[in-house]
Amino acid sequence: MPSASRWVQKPSVSTVPGRCAASARRRAGNARIDGLYFDQEGSLSQRVIEGSMIRVGLSELGYAFPAPTGIVDYDLRHTGNGTPNASVIATVGPFETRGLSVDSSLPVLPRQLELPMGASYQVSARNPGYTSRVANVGAVPKWTPNSRWTFRALFDWQETTDVGNLYAGSHARA
């Protein structure tokens, strides 16, 4: 028998910034991390988030602080299950857009203390002549001292520098 609740699965956070999945996450009324409520003061980066799920309608019943606009439930980055791994992604786009992302998961103490982390730097030029630079570093350490306890932490830092319009000032065109 089908469930009365409806889950709307959104694409992973690794989608292109500015697309509909990111827009839906910004509009959801309440935020959760792995099901636990948190007061979201700013956006979370791809360095600490593996994906997200938007819950609307009946599927948000049973959660504290339901919202008419829905609940976004972020999934923290997963550990490598004791196996070290890394990925490097370089991007190039129109108007001199470029970026580099490095993500990894390091087992400090295999099966006890693991450190998923990443860093990225991007020069974004969505419109000709206007450029911004975004630097980001994040980590989601996971400590499992025994089979009954698991501790997670979240560290996420991002800085956006607006370079501005390249045609302003002495380079302005008549």
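All of the numbers you see were taken from the coordinates with simple rules; none came from a lab. Worth saying up front: this structure is predicted, and the values here are computed from it rather than measured. Reconstructed Cβ throughout: ideal geometry from the backbone, glycine too, with neighbour counts over all protein chains shown.
Fewest to most neighbouring Cβ within 10 Å: what's the order for V48, V137, V108?
Listing V48, V137, V108 from fewest to most nearby Cβ atoms yields V108, V137, V48.
Ranking V56, V134 by Cβ neighbours within 10 Å, fewest first, what do you get?
Least to most surrounded, the residues fall as V134, V56.
Going by how many other beta carbons lie within 10 Å of each one, how would you line up I89, I49, fewest first?
Ranked by crowding around the Cβ, least crowded first: I89, I49.
Calculate one ³J(HN,Hα) per residue across the range 105-115 by plugging θ = phi - 60° into the Karplus curve 6.51 cos²θ - 1.76 cosθ + 1.60, and present them in order as whole Hz with x for glycine and proline.
In residue order, the calculated couplings are 9, 10, x, 6, 10, x, 6, 10, 10, 10, 10 Hz.
Average projected area of the Cα convex hull of the range 85-163, in nm²?
Mean shadow area of the hull around the Cα atoms is 5.9 nm².
Per-residue counts of other Cβ atoms within 10 Å, averaged by peptide: what ranking do you get for 111-120, 75-84, highest first?
Packing proxy ranking, top to bottom: 111-120, 75-84.
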